[in-house]
1. Per DSSP helix of 4 or more residues, -39500 (n - 2.57); summed, then divided by the residues of the chain. What does that give at 222 nm, rounded to the nearest 500?
2. Using θ = phi - 60° and the Karplus relation 6.51 cos²θ - 1.76 cosθ + 1.60, list the HN-Hα couplings for segment 41-46 in order, rounded to whole Hz, with x at every Gly or Pro.
3. Distance check, please: which entries in LYS41/LYS68; LYS17/LYS39; LYS5/LYS67; LYS9/LYS73; LYS5/LYS50 exceed 31 angstrom between their Cα atoms?
4. Once the Cα atoms of helix 5-37 and of the chain are each reduced to a long axis, what angle between those two axes, in degrees from 0 to 90 to the nearest 10, is obtained?
5. For GLU43 and ARG10 in one chain, what is 0.36 nm times their gap in residues minus the Cα-Cα distance, to one decimal in nm?
6. Quick one: which residues, 5 or more positions from ILE64 or on another chain, have an amide H under 5 Å from its amide H? H modelled 1.01 Å from N in the peptide plane, none for Pro or chain starts.
Amino acid sequence: MANHKSALKRIRSNEAKRLRNKYQHKTTRNAIRDLRATKDKKEAEAMFPKVASMLDKLAKTNVIHHKKAANLKSGLMMHVNSL
């Protein structure tokens with residue numbers, strides 16, 4: 001068990017950040033799944049900027065690696081262009 005006030009605060013803040021990161025990561029994965037499932041080009045083009053923004057935010061806060069975000073965005077753009 002933690003013995004310092006700052007360590008107790010760190011435990012609380014780490015748990016809050018973990019839950020927030022988990023929520024944002026799962027939401028982004030669901031958005032990616034929905035974008036990949038869509039067959040309508042107009043709808044996909046409208047969804048892509050939102051999904052790309054979500055990926056950039058995850059990469060900026062180191063929830064995912066910045067190269068993974070770039071790789072996912074590239075694959076999604078290829079999918080949108082192929083519709």
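Values quoted throughout were computed directly from the atomic coordinates according to the rules given, and no laboratory measurement underlies them. Keep in mind that what you see is a predicted model, and the values were worked out from it rather than measured.
1. Details: 3 runs with 70 residues, N = 83.
Theoretical 222 nm ellipticity from helices: -29500 deg cm²/dmol.
2. Computed from phi, the couplings for segment 41-46 are 5, 4, 5, 5, 5, 6 Hz.
3. Numbers: LYS41/LYS68 24 Å; LYS17/LYS39 35 Å; LYS5/LYS67 37 Å; LYS9/LYS73 36 Å; LYS5/LYS50 40 Å.
Long pairs (Cα-Cα over 31 Å): LYS17/LYS39; LYS5/LYS67; LYS9/LYS73; LYS5/LYS50.
4. Long axis of 5-37 versus the principal axis of the chain: about 10 degrees.
5. Working: separation 33, 0.36 × 33 = 11.88 nm, distance 4.27 nm.
Net length gain for the segment: 7.6 nm.
6. Here ALA59 satisfy the definition.
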